[in-house]
Structure formats: C-alpha cells, structure tokens
Amino acid sequence: AAIRKVTGPAALAAALAALVAVLLSGWPAALALCLGLAAMQIAARMMAPRMIPQWVQQRASAMAALKSAYADYVPCSADIVAYDLGERVEAALMPMAAALDHARTAEVRAEAMILGVQTLLAGVTVAAVLALSSQGVALAALSTLAAAGAAEIWAGLARNVMQAERVSHSLSRLETIAALPPRVAMEQLADTAIIAMDLGAGPIVIASGQR
C-alpha cells in the first residue's frame, strides 16, 4: 500500500522532468509525449474495470466453494480413510479446483493484456518523440531516453488501477456481507434440538418443546 501511494507522485515527477527535457527538442515532441502518457492512463482506466472485476468475482466464488467443500469433508476424514474413498473425494473436488484455476488464469491473462497495451503505447510514444525531435541528434537522443524513462514509470500506474479494482470489489463484498441479517443460531438450534436417552425401559426421545 505504501508503494502504491508513492507511485503516483513519482510518475508525475518523472513525466514533468521528461517533458522539460523533451521540450528542448521542440513542442511537437513534447505534445507527443503528453498525448502518449495520457493515452496510457486512459487505456488502463478503461480496460481494468471491464476485465478485472469479473474474474476477481469468479475467483472469489470458486475459492469459497472449494473451501466449503473441504470443510464438509473434514468431519468425515476418518471414514474417508477407513473406506478408501480418497479418490472419490478428489474426483468430487476436482471441478471446483479446475474452476478456481480457470479464474486465476483468466485474471492473470487480463492483467497481462492490460500491461501489454501499456507497453505498446509506451513504445509508440517514444517512437513519436524520436520522430518529432527537430533540434539535433544529441537532443533527440536525450528526449528519447527521457520519454522512455517516463513511459516506463507511467506504465506502473496501470498496476495501481488494477489493484484499486480488486480492492473495490473486496470492499463491496464486505459491505454485502455486513448488510446481511444476523443468524439467530440459538433459535435454530432450539428448533431442532432432540435429546435421546435410554433408562433401561426403552429409548426415550424428547424433541424441542416437550417435557
């Protein structure tokens, strides 16, 4: 979190420093740098909300289903071992594990696509700065290096955008859970409570509300 807080100011400082250096090569090159950096940020903010939340949701749902299934089998672990049911349990858990792997893979693929677009836009920006520099080879080289450094740091902001989408989704899930009505566990237990005793004259079963 601390690193993400300083990434924005660091990227802005790098962009301003690069802009000053690129201005030495002429205003067309500086304009190309500004447009390129703006395009990188716009692309990240347009792609992340459309590609990240759906896979985060599927990953969270698949993880919850798998954990729930594991929890259901834990009390029966002794019986599973005694009756050699390990392969059946594994086969029952495999679809949920596969769904989790699919969601994780898709999320990583979406992240790679967003970062790939950032790299492409950064390359186009640097090429445009080089092509539009008009004040000599030395200043063109300086402008190109400055633009490349700024674009590389600026691309890191895309990770902040993606992480913000994950945090936003997690907070919305927590808010949804917090809004659910509390479970009256004791009342549910009382409604289903059954006491069975054997006093020698036969079994005696006392259900809830009986004496």
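Tabulated data
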| item | result |
| --- | --- |
| Qualifying residue in the stretch 41-60 (condition: more than 30 Å from Glu165 (Cβ to Cβ), surrounded by 13 or more Cβ atoms within 10 Å (Cβ to Cβ) and of a type in the set (A, V, I, L, M, F, W, C)) | no |
| Selection count where residues are small (Gly, Ala, Ser) and exposed (fewer than 10 other Cβ atoms within 10 Å of the Cβ), scope the stretch 68-90 | 3 |
| Pairs, first closer than 18 Å to Met46 by Cα in the stretch 95-121, second modelled with pLDDT under 95 and among the β-branched types (Val, Ile, Thr), C-beta under 9 Å, six or more apart | Glu107/Ile52; Glu107/Val56; Ala110/Ile52; Glu111/Ile52; Ile114/Ile52; Ile114/Val161 |
| Boolean, Ala30 is open to solvent by less than 50 Å² (accessible area, probe 1.4 Å), more than 27 Å from Ser168 (Cα to Cα) and in contact with a Leu (Cβ under 9 Å, 6 or more places away or on another chain) | yes |
| Answer from Leu139, Leu130 - the residue that is modelled with pLDDT under 90, surrounded by 16 or more Cβ atoms within 10 Å (Cβ to Cβ) and in a helix (DSSP H, G or I) | Leu139 |
| Qualifying residue in the stretch 98-111 (condition: within 30 Å of Ala151 (Cα to Cα) and small (Gly, Ala, Ser)) | yes |
| Options Glu152, Glu175, Glu165; residue that is modelled with pLDDT of 70 or more, loosely packed, with under 10 Cβ neighbours inside 10 Å and under 28 Å from the mean Cα position of the chain (by Cα) | Glu175 |
| Helices (runs of 4 or more DSSP H) fully within the stretch 1-90 counting 1 or more residues that are closer than 19 Å to Leu115 by Cα and of a type in the set (S, T, N, Q) | 2-23, 27-73 |
| Test: residue in the stretch 103-122 that is modelled with pLDDT under 85, more than 30 Å from Leu12 (Cβ to Cβ) and of a type outside the set (Asp, Glu) | no |
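The values are calculated or read from the model by the stated rules, or taken from the named source; none is laboratory data. None of the values given here were measured: they were computed from a predicted structure. Glycine gets a Cβ as well: all are built from the backbone with ideal geometry, and neighbour counts include every protein chain shown. Heavy atoms of the whole protein, side chains included, go into the accessibility calculation; ligands, DNA and RNA do not. Shrake-Rupley method; radii C 1.70, N 1.55, O 1.52, S 1.80 Å.
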